[in-house]
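Let me begin by presenting the structure, written as structure tokens, before commenting on it.
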Amino acid sequence: MTFMLMQLRHLLPDRGTLVALAIGAFAMSPAVAQNPGDAEIVAAKAAFDRGDAAKLAAIAPRVQDHVLAPYVALWQIELALDTVDAETVHVYLRQWAATPMADRLAVDWLKSRARRGDWTGFSIEYPPRAAPDTELTCDAIQYHRQRDGDAALLDAKPLWFTGQSTPDACEPLFAELIARKLITADDRSLRVRLAIEAGNQRLARNLADALPGDARVKSAEFSAIDRDPQRALAHGQFHWKAPAGRMLALYALERAARADAGNAHEAWLKCRDRLPDADRAYGNARIAFLGARQLDPGANAWYREADLDRQDSDERAWHVRAALRAGDWPAVLAAVEALPAELAGDAAWRYWRARALDKAGRASEAAPLYAALSGEYSFYGILAAEAIGKRPVALSKPAPPTTVWLVDFGARTDVQRVVKLAQLDMRQESIREWARVIQGLPDDSLLMAAEFARRAGLPDRSINTADRTLARHDFNLRYPTPFEAQFLAAAQTNNVEAPLLYGIARQESRFVANIVSSAGAMGLMQLMPPTARWVSKQLNRTDYRADAITDVGVNSQFGAFYLKYWMDRLDGQAALAAAAYNAGPGRAQAWRPSEPLEGAIWVETIPFNETRDYVKKVMANTMFYARALAPRDAPYVSLTERLGTIRPRNPAAAVARNG
């Protein structure tokens with residue numbers, strides 16, 4: 001326990017003084033306060049990133065008493081992993097057991113032993129503390145094979161069936177399985193298909209070029225189709241009786257449909273009967289799926305010809321969405337009820353099943369589904385509550401930590417590492433450490449840890465931790481309102497709802513003011529520098545400087561302006577504006593329907609998984625913030641009303657079509 005924390009314990013009888021000290025204990029503790037050693041840690045991390053072992057070795061003795069000294073030791077070992085002595089590694093793993101640092105080193109050490117063929121060393125640390133990745137799984141199979149014989153080979157076969165490239169450690173196993181015909185020619189062709197579906201063209205070509213006999217497809221044959229897939233499909237000049245010809249035909253279908261499913265479907269109808277039943281069913285499923293992802297009005301009908309048994313989970317989910325977009329409620333119900341078990345329990349499909357049952361006049365069956373969902377604090381939980389005439393109620397039952405609890409928790413070295421890593425902008429390491437800190441905690445402890453994180457200046461960890469509770473919740477922690485003066489001013493100046501602005505900021509940054517994404521988006525509202533410059537010109541801000549982008553006042557004002565700009569051009573629709581904020585206004589416009597469409601259906605049929613999830617969360621956030629920020633007597637504005645009806649981009653054109 002640090003001297004400062006000992007002092008805090010000594011002051012326990014003086015409650016007022018103790019509370020004041022505890023609130024700031026995290027910053028005052030010598031382990032986490034800013035100190036000269038911090039600069040050395042930052043320099044050590046930079047040396048590690050450069051692979052500069054000499055520089056790292058020079059720094060290490062100077063930071064041996066720093067709370068992050070274990071990271072410096074880890075970085076030294078990692079840079080010398082193939083030559084470091086085993087005892088050094090084992091000592092580190094024992095000393096820092098049950099930490100993310102040890103988890104990482106254990107996996108990397110095992111991989112190093114496997115690369116060197118040191119199976120004795122491998123056996124000492126296997127299995128690792130953390131779940132193995134694909135590379136280590138293949139290493140383990142090689143270890144078991146040399147220990148137990150070739151029976152272990154079959155454990156590698158399931159790893160073959162992926163559209164992604166696999167680690168080098170897996171390749172000898174696959175080669176042996178192929179040589180023994182345990183991975184068959186059909187298995188090899190299936191992986192080519194998976195790679196094509198995943199858009200992994202290089203892998204698909206390499207695999208296809210290695211296929212045996214008349215199944216082999218040369219890279220040049222793929223290239224010929226790539227020049228004009230639609231034309232290749234329409235002409236249909238394939239060797240239909242040969243496996244290679246059929247693979248090329250389906251490749252042309254995939255490539256053409258990705259560009260324009262409607263045109264590809266016309267060409268497909270003219271040639272599909274030349275394929276065997278299995279290939280034709282596969283092609284029908286792919287074009288229905290790709291058409292649904294493109295929001296093609298014909299996709300719902302195309303799904304009627306697809307063999308559901310041959311569809312994966314994603315294809316089946318888009319079957320529901322295609323039916324929703326078409327307003328075909330019997331098809332919605334049939335598609336939802338055909339979903340595999342791993343999808344059927346998802347809130348989205350439970351809600352749409354209830355809606356479809358309602359539409360079918362089976363309200364008594366829909367009611368319990370709505371009722372169960374209405375207790376969930378989510379996009380579909382809110383919609384379900386409204387469907388049965390209820391207002392969603394967010395009942396908080398806080399678990400305020402005691403001063404002693406805060407002091408004890410803050411004294412933990414793992415918690416101190418979390419805070420220090422965050423201070424030194426080692427965000428991912430801090431997140432991993434925090435995940436271990438809160439792993440398996442009950443609701444009360446999660447809420448107290450969330451409060452600690454809030455006071456320690458870790459709003460992202462505070463929110464994410466409060467979000468994890470199952471039965472006892474604190475919505476002030478889940479939906480905090482930091483920087484309230486700046487957000488309310490930005491909302492008022494730009495005539496944007498403050499709850500919506502908060503809803504977007506919560507999703508974008510979790511209120512970490514200086515956060516920078518991997519793409520370069522910055523600050524609370526995650527603005528790209530070119531966007532910030534554009535906004536500054538629109539606002540005639542001649543005083544704007546690039547380094548001001550993370551300033552809370554500037555960032556909230558610019559984000560509110562940008563949001564309002566697109567809301568004005570998107571019929572004032574919050575869901576459309578949120579989609580534009582995440583995926584860009586061009587995509588949001590392109591996703592608009594040809595006919596007016598219920599807002600909830602439009603959200604569910606957003607083609608990008610990330611944007612669909614983002615819009616749902618932003619809209620749910622907005623509902624909770626509306627409750628937190630509005631006066632008690634303010635009228636309730638439902639989520640259904642906020643979503644409204646999404647109209648075509650050019651309503652006049654739709655009227656003319658229907659005239």
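The values are calculated or read from the model by the stated rules, or taken from the named source; none is laboratory data. The structure displayed is predicted, hence computed values, not measured ones. Because the Cβ atoms are built from the backbone with ideal geometry, glycine has one as well, and the counts that use them run over all protein chains shown. Quick note on the areas: whole protein, heavy atoms, side chains included, nothing else; ligands and nucleic acids left out. Shrake-Rupley method; radii C 1.70, N 1.55, O 1.52, S 1.80 Å.
Confirm whether A356 is in contact (Cβ under 8 Å) with a residue 24 or more places away in the chain, under 15 Å from M623 (Cα atoms), open to solvent by less than 40 Å² (accessible area, probe 1.4 Å) and touching a Leu at 6+ places or on another chain (Cβ under 7 Å).
no
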Open item on the list: Tell me which helices (runs of 4 or more DSSP H) are completely within the range 247-324 and hold 3 or more residues being modelled with pLDDT of 95 or more and closer than 16 Å to E604 by Cα, or say none if there are none.
Closed with: 277-293
Task: Count - residues of the range 149-180 that are open to solvent by 40 Å² or more (accessible area, probe 1.4 Å) and farther than 30 Å from A249 by Cβ - done: 8
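Which of the helices (runs of 4 or more DSSP H) contained wholly in the range 181-237 include at least 2 residues that are open to solvent by less than 60 Å² (accessible area, probe 1.4 Å) and of a type in the set (S, T, N, Q)? Walk me through how you get there before you give the answer.
Details: elements: 185-197, 201-209, 219-226, 229-235.
Passing ranges, in order: 219-226.
Here's the yes/no breakdown for (1) within 26 Å of N284 (Cβ to Cβ); (2) hydroxyl-bearing (S, T, Y):
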position	(1), (2)
L159	no, no
D186	yes, no
S189	yes, yes
D209	no, no
M247	yes, no
L253	yes, no
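Considering each of R113, R94 in turn, give the residue that is over 20 Å from A44 (Cβ atoms) and in contact with a Gly (Cβ under 7 Å, 6 or more places away or on another chain). Talk me through it step by step, then tell me what you get.
Working: R94 fails: in contact with a Gly (Cβ under 7 Å, 6 or more places away or on another chain).
Of R113, R94, the one residue that is over 20 Å from A44 (Cβ atoms) and in contact with a Gly (Cβ under 7 Å, 6 or more places away or on another chain) is R113.
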Open item on the list: Looking at the range 322-336, I want the residues that are on the phi < 0 side of the Ramachandran plot and have a partner that is buried (at least 24 other Cβ atoms within 10 Å of the Cβ) and among the hydroxyl-bearing types (S, T, Y) with Cβ atoms under 7 Å, at least 6 apart or on another chain. Which pairs are those?
Closed with: A322/Y303
Task: Residues located in the range 461-488, provided they are in a loop (DSSP other than H, G, I, E, B) and aromatic (F, W, Y) - done: Y479, F483
- [ ] Scan the range 505-513 and give yes if some residue there is out of contact with any strand residue (DSSP E or B) (no Cβ under 8 Å at 6 or more places or on another chain) and more than 30 Å from R455 (Cβ to Cβ), otherwise no.
- [x] no
Open item on the list: If I go through the range 507-528 residue by residue, how many of them are under 24 Å from R612 (Cβ atoms), open to solvent by 30 Å² or more (accessible area, probe 1.4 Å) and outside any helix (DSSP H, G or I)?
Closed with: 5
Task: Out of T531, T542, sole residue that is out of contact with any strand residue (DSSP E or B) (no Cβ under 7 Å at 6 or more places or on another chain), open to solvent by 30 Å² or more (accessible area, probe 1.4 Å), closer than 16 Å to K564 by Cβ and without any contact (Cβ under 8 Å) to a residue 60 or more places away in the chain - done: T531
Task: Which listed residue, of A575, A580, is within 20 Å of A317 (Cβ to Cβ) and at pLDDT 95 or above - done: A575
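Check whether at least one residue in the range 435-457 is closer than 19 Å to L539 by Cβ, part of a helix (DSSP H, G or I), open to solvent by 40 Å² or more (accessible area, probe 1.4 Å) and at pLDDT 95 or above, and report yes or no. I'd like the intermediate steps shown before the answer.
To start, the set of residues in the range 435-457 that are closer than 19 Å to L539 by Cβ comprises none.
Among the residues of the range 435-457, not one is closer than 19 Å to L539 by Cβ, part of a helix (DSSP H, G or I), open to solvent by 40 Å² or more (accessible area, probe 1.4 Å) and at pLDDT 95 or above, which makes the answer no.
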- [ ] Might you let me know whether the range 574-582 holds any residue that is touching a strand residue (DSSP E or B) at 6+ places or on another chain (Cβ under 8 Å) and either open to solvent by 40 Å² or more (accessible area, probe 1.4 Å) or assigned to a helix (DSSP H, G or I) (or both)?
- [x] yes
- [ ] Would you please list the contacts, defined by Cβ atoms under 8 Å and residues six or more apart or on different chains, that run from a residue in the range 425-446 that is closer than 24 Å to S396 by Cβ to a residue that is among the hydroxyl-bearing types (S, T, Y)?
- [x] W434/T465; I438/S445; I438/T465; D443/T469; L446/T465; L446/T469
Open item on the list: Kindly evaluate D52 against the criterion of being under 20 Å from S112 (Cα atoms), open to solvent by 20 Å² or more (accessible area, probe 1.4 Å), at pLDDT 95 or above and touching a helix residue (DSSP H, G or I) at 6+ places or on another chain (Cβ under 9 Å).
Closed with: yes
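For (1) out of contact with any Pro (no Cβ under 9 Å at 6 or more places or on another chain); (2) over 23 Å from I431 (Cα atoms), each residue gets a yes or a no:
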{"position": "P480", "(1), (2)": "no, no"}
{"position": "P499", "(1), (2)": "yes, yes"}
{"position": "I515", "(1), (2)": "yes, no"}
{"position": "M525", "(1), (2)": "yes, no"}
{"position": "T542", "(1), (2)": "yes, yes"}
{"position": "A548", "(1), (2)": "yes, yes"}
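Scan the range 369-382 and tell me whether some residue there is assigned to a helix (DSSP H, G or I), surrounded by fewer than 18 Cβ atoms within 10 Å (Cβ to Cβ) and more than 28 Å from the chain's Cα centre (by Cα).
Step one: filter the range 369-382 for residues assigned to a helix (DSSP H, G or I), giving 369-374, 379-382.
From what is left, the residues that are surrounded by fewer than 18 Cβ atoms within 10 Å (Cβ to Cβ) are 371-372.
Those left that are additionally more than 28 Å from the chain's Cα centre (by Cα): 371.
Yes: one or more hits.
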